[in-house]
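Bear in mind these aren't lab numbers, they're just calculated from the coordinates by the rules spelled out. Computed from a predicted structure; not experimentally measured. Backbone-built Cβ (ideal geometry, glycine too); neighbour counts: all protein chains shown.
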Amino acid sequence: MEIKFDSVYYTYNQRTPLNKKVLNNLNVEFKKDKVNGIIGKSGSGKTTMIELINALLVPTSGKVSINKFINKNGKKIKDVNKLRRQVGLVFQFPEEQFFNKTVKKELLFGIKYLNYQTKNSDKRCSDALKMVGLDDSYLDRNPFTLSSGEKRKVAIASILIFNPKVIILDEPTIGLDSISKNNLIKLIKMLKNKYHKTIIIVSHDVDMLHQICDYIYVINNGEVVMEGTKYEVFSNPDELTKYGIKCPKIMEFSNKVLAKKNIKIGYRDDIMDLIKDVYRHVK
Amino acid sequence: MDDIIIIKDLIFKYDERFIFNRFNLNIRKGSFTSIIGPNGCGKSTLVKIILGLIKTDSYLNIDQLILGNDNIKDIRKRIGVVFENPDNQFVAETVMDDIAFSLENMKFKKQDIRDRIEKYTKYLGIFDLLEREPHRLSGGEKQLVALASALIIEPKILILDEALTMVDTELKEKTYKLLQELHQNHNITIINVTHDLEDSLYGEDIVVIDQGQVVLKGPKELVLKEEKILSNIGLDLPFMASLSLKLKYYDLVDDLILDMDEMVDVLWK
């Protein structure tokens, strides 16, 4: 599924004294069936970007193509519910939007609201929960009594129930402890590898992005200023600093050894591999 | 040194389940303490109890006042608090009015309010946001506005409850350094409640809570050596602590080194 921004501008509160230009000639094409990470300083336009993909916002000018759907000013998308079923968006703190008394009702709400025709909604609920690692016993539970990690999973399941091709997650690890965060990372990897979803994650958690992303896009003042594989992007600490972004710790260490001692120890994803490299160089 | 918060035998139940069962904790006056624990361990409940937002019959002494209905207002004047989701704290239509709100309630003079707003928003680098609508800001900007609102009352105790989670890494580091400066220069007691041990590196002491009990307490250099206890309750060590302990195992370093520059210099002398 193609997701492409062509010369997109977006201004909040246009034609008012409070107007604020957030996206400024943004051009980007996300990689299909991959995990795409968007990073940028607070206020750089990250959340605006994903709200444009889901047609919650309309560009001030330029266009956003989501497969055959075109989101542009002056042209209303005909079947916006269909777009939102194909592109599932999980907001920041999704659990704060729960209002039903059971997990099942919460899961079925989207189906009703987005006018989704399905014969077997019970099976859909079970399958969606299974994908996030929760069993049927959760269906009758009160969502408000779940742990933060479980709530986040139910929120993701309420998107997966539509079997979307694209899943967008806005700051998915905020507020989660290590166990819940590591579970979420496993879930995202599985959604990509087993179910071939295209995933877009907005986050400032560079250590998490380093663990799961294939591609990284750096946004600054509403423009894409860096893009590439995580190694290409995170091996440029000086440029990242210009945009207020730090490297993942494990890559920062290699970058520091290179900068201070002029020794290339290379980049590793796992700390034990890094230890082996350090051992080889030091001993 | 005096303790600014003393909690004795705290008992608190929710839905017939004990969140705290005879929980004891003292916080040193003028310390920068991180309270760490996994989701659901009772951290946020503890903050609400300290603020009197959740009532208990247990003994809590806050800055030499015993928490109770009579002095709850006095206690709250001494505590600045920032919660994780600042949307729940915003009350006004502009950032300026929002930050001014608490001082207006305390009947401060207009000029004093303006002076303090300028001081703290410039300090946190958010002076340009004053005319904006709080709800239209990015998550990180909202959290900094909430922090400014807490600092403006010049509290004796500042409690941060997962308060900088949405601030991007570089700005977060800068903000923590400003807080360290405030803590050192003005002797503010800072309590940073978080699930992320990485953030505890900015403080001095660490208190680890699990299932309503204090599991570990002490200076960060000692607590961070307890890898087994921390991982058993699902807490990942900060990268530098984990790297140090592993390198120590291979005899490449002698002790915990939490500073990356120092580590590189020690390894490649």
| task | Starting at the first residue of the range B:38-54, write each ³J(HN,Hα) from the Karplus equation 6.51 cos²θ - 1.76 cosθ + 1.60 with θ = phi - 60°, in whole Hz, x for Gly and Pro. | result | x, 4, x, 7, x, 4, 5, 4, 4, 4, 5, 5, 4, 7, x, 6, 10
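Calculate the dipole size of chain A relative to its Cα centre from +1 charges on Lys and Arg beta carbons and -1 charges on Asp and Glu beta carbons; express the result in debye to the nearest 20. Provide the component values of the computation, followed by the final result.
On the way: 49 positive and 31 negative charges, 112 e Å.
Computed about the Cα centre, the dipole is about 540 debye.
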| said: I'd like the mean, over residues of A:177-185, of how many other protein chain beta carbons sit within 10 Å of each residue's own Cβ. | reply: 5
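Once the Cα gyration tensor of chain B is found, what semi-axes does its equivalent ellipsoid get, as square roots of 5 times the eigenvalues, in whole Å, sorted largest first? Don't skip to the end; give the middle numbers.
Values: eigenvalues 202, 126, 52 Å².
Each semi-axis is √(5λ); the values are 32, 25, 16 Å.
Could you sort out which of A:Lys249/B:Lys29; A:Lys246/B:Lys246; A:Lys181/B:Lys73 sit more than 31 Å apart by Cα distance in this structure?
Numbers: A:Lys249/B:Lys29 33 Å; A:Lys246/B:Lys246 24 Å; A:Lys181/B:Lys73 38 Å.
In this structure, A:Lys249/B:Lys29; A:Lys181/B:Lys73 exceed 31 Å between Cα atoms.
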| When chain A is treated as a GNM, springs tying every alpha-carbon pair under 10 Å, which of A:Leu18, A:Leu160, A:Leu57 comes out with the largest mean-square fluctuation? | A:Leu18
| field | Candidates A:Ala128, A:Ala55, A:Ala259, ranked by Gaussian network fluctuation over chain A, Cα under 10 Å, top entry | value | A:Ala259
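Given Cβ point charges of +1 (Lys, Arg) and -1 (Asp, Glu) and nothing else, what value in debye, to the nearest 20, does the dipole of the range B:1-82 about its Cα centre take?
200
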| Qualifying trypsin sites (Lys or Arg not before Pro) in the range B:71-172, DSSP loop, other Cβ atoms within 10 Å at most 12 | B:Lys107, B:Lys109
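A:Lys72 to B:Asp115: FRET efficiency via 1/(1 + (r/R0)^6), r the Cβ-Cβ distance, R0 51 Å, to the nearest 0.05? Don't skip to the answer; put the middle values down first.
Values: r = 47 Å, r/R0 = 0.93.
Calculated value: 0.60.
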| remark: Between the Cα axis of helix A:271-282 and the main Cα principal axis of chain A, the angle (0 to 90°, nearest 10) is 10
| said: Nearest 500 deg cm²/dmol is fine: what mean residue ellipticity at 222 nm does the protein assembly as shown get from its DSSP H runs of n ≥ 4 alone, each adding -39,500 (n - 2.57), divided by its residue count? | reply: -11500 deg cm²/dmol
| Reachable lysines from A:Lys75, criterion Cα separation under 22 angstrom, eight or more residues apart if same chain | A:Lys4, A:Lys21, A:Lys63
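Using a ≥ b ≥ c from the Cα gyration tensor of the range A:162-250 (square roots of the eigenvalues), is it rounded, prolate or oblate, where a/c under 1.5 gives rounded and otherwise the larger of a/b and b/c decides, a/b for prolate?
Numbers: a/c = 1.93, a/b = 1.51, b/c = 1.27.
Judged from the Cα gyration tensor, the range A:162-250 comes out prolate (a/c at least 1.5, a/b above b/c).
Answer rounded, prolate or oblate for the protein assembly as shown, using the Cα gyration tensor with square roots of eigenvalues a ≥ b ≥ c: rounded when a/c is under 1.5, else prolate when a/b is larger than b/c, else oblate.
Working: a/c = 1.36, a/b = 1.19, b/c = 1.14.
Rounded shape, in that the Cα axes give a/c under 1.5.
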| note | Note: probe point = Cα of A:Lys276 + 7 Å toward Cβ; backbone nitrogen < 15 Å; residues of the range B:235-249 passing the test are none
| request: Using amide H atoms built 1.01 Å from N in the peptide plane, name the residues 5+ places from A:Ser42, or on other chains, whose amide H lies under 5 Å from its own. | output: B:Asp168
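I need the peptides A:216-228, A:136-148 ranked by packing, meaning the mean over residues of other C-beta atoms within 10 angstrom, with the highest value on top. Write out the running numbers ahead of the final one.
On the way: A:216-228: 19.8, A:136-148: 14.9.
Ranked by mean Cβ neighbours within 10 Å, highest first: A:216-228, A:136-148.
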| field | Long-range amide H partners of A:Ile201 with built H, under 5 Å | value | A:Asn36, A:Gly37, A:Ile38, A:Leu169
| request: Starting from the Cα gyration tensor of the range A:124-283, take the square roots of the eigenvalues, sort them a ≥ b ≥ c, and report rounded, prolate or oblate (rounded when a/c is under 1.5, otherwise prolate if a/b is larger than b/c, else oblate). | output: prolate
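Restricting to chain A, compute how many DSSP beta bridges are antiparallel as a %, nearest 5. List each step's numbers first, then the result.
Working: 22 of 40 bridges.
Bridges in chain A are about 55 percent antiparallel.
Net charge near A:Ile66: determine it from the other residues with C-beta under 9 Å of the C-beta of A:Ile66, scoring Lys and Arg +1 and Asp and Glu -1. Before the final figure, lay out each step's value.
On the way: positive: A:Lys4, A:Lys68; negative: A:Glu2.
So the environment of A:Ile66 carries a net charge of +1.
Please give the charge dipole size of the protein assembly as shown, origin at the Cα centre, charges +1 on K and R Cβ atoms and -1 on D and E Cβ atoms. Round to the nearest 20 debye. Write out the running numbers ahead of the final one.
Values: 83 positive and 77 negative charges, 418 e Å.
I would put it at about 2000 debye.
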| task | Quick one: which residues, 5 or more positions from B:Val215 or on another chain, have an amide H under 5 Å from its amide H? H modelled 1.01 Å from N in the peptide plane, none for Pro or chain starts. | result | B:Val208, B:Ile209, B:Asp210
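Just to check, using Stokes-Einstein with a Kirkwood Rh over alpha carbon pairs, what's the diffusion coefficient of the range B:118-269 at 25 °C and 0.890 mPa s in µm²/s? Show your work: numbers first, answer last.
On the way: Rh = 17.3 Å.
For these conditions, the coefficient is 142 µm²/s.
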| said: What whole-number distance in Å separates the alpha-carbon centres of the range A:1-53 and the range B:41-117? | reply: 36
| note | Taking a crude spin-label model, label points 7 Å out from Cα along the C-beta direction, the A:Asp214 to B:Lys228 distance in nm is 4.2
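Sorted by average packing, counted as other Cβ atoms within 10 angstrom per residue and highest first, what order do B:252-263, B:193-204 take?
On the way: B:252-263: 15.2, B:193-204: 21.8.
Packing order, densest peptide first, comes out as B:193-204, B:252-263.
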| request: Answer with one residue from B:Leu201, B:Gly42, B:Met106: the one whose Cα lies farthest towards the positive end of the charge dipole of the protein assembly as shown, charges on Cβ with Lys, Arg +1 and Asp, Glu -1. | output: B:Gly42
| query | Computed FRET efficiency, Cβ-Cβ of A:Asp127 and A:Glu29, R0 45 Å: what is it to the nearest 0.05? | reply | 0.90
| task | Among A:Ile212, A:Leu187, A:Gln97, pick out the residue whose Cα is farthest towards the positive end of the charge dipole of the range A:3-235, where Lys and Arg carry +1 and Asp and Glu carry -1 on C-beta, about the Cα centre. | result | A:Gln97
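Roughly how crowded by other chains is peptide A:168-176, in terms of the mean Cβ count from those chains within 10 Å of each of its Cβ atoms?
Numbers: counts 0, 0, 1, 4, 0, 2, 6, 9, 5.
Average per residue, whole number: 3.
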| remark: In nm, the gap between the two label points placed 7 Å beyond Cα toward Cβ at A:Lys82 and A:Arg15 is 3.1
| query | Hey, which aspartates and glutamates would be in cross-link range of B:Lys13, C-alpha to C-alpha under 18 Å, not counting anything within fewer than 8 residues on its own chain? | reply | B:Asp57, B:Asp210
| note | Cα extents of the range A:3-235 per principal axis, largest first, Å, are 48, 42, 33
| said: If I model the range B:97-174 as equal point scatterers sitting on the Cα atoms and use the Debye formula, what is log10 I(q)/I(0) at q = 0.13, 0.18, 0.23, 0.26 Å⁻¹? | reply: -0.38, -0.73, -1.16, -1.39
| note | Inter-part gap, Cα centre of the range B:188-237 to Cα centre of the range A:84-137, in whole angstrom, is 36
| note | With the dipole of the protein assembly as shown defined by +1 on each Lys or Arg Cβ and -1 on each Asp or Glu Cβ, the option from B:Val95, B:Leu53, A:Ala259 whose Cα lies farthest towards the positive pole is B:Val95
| remark: With 0.36 nm assigned to each residue of separation and the Cα-Cα distance removed, A:Asp6 to A:Asp140 gains 43.7 nm
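Just to be sure I understand: of the beta bridges DSSP finds with both ends in the range B:3-227, what percent are antiparallel, rounded to 5? Show your work: numbers first, answer last.
Numbers: 21 of 39 bridges.
Counting DSSP beta bridges with both partners in the range B:3-227, the antiparallel share is about 55 percent.
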| How many partner chain Cβ atoms sit within 10 Å of a residue's Cβ in peptide B:166-176, on average, as a whole number? | 5
| said: What do you get for the angle between helix A:249-261 and the principal long axis of chain A? Use alpha-carbon atoms, 0 to 90 degrees, nearest ten. | reply: 20
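Between their Cα atoms, which of A:Lys260/B:Lys177; A:Lys230/A:Lys261; A:Lys165/B:Lys172 are more than 26 Å away from each other? Write down the numbers at each step before the final one.
On the way: A:Lys260/B:Lys177 23 Å; A:Lys230/A:Lys261 23 Å; A:Lys165/B:Lys172 34 Å.
Those over the limit are A:Lys165/B:Lys172.
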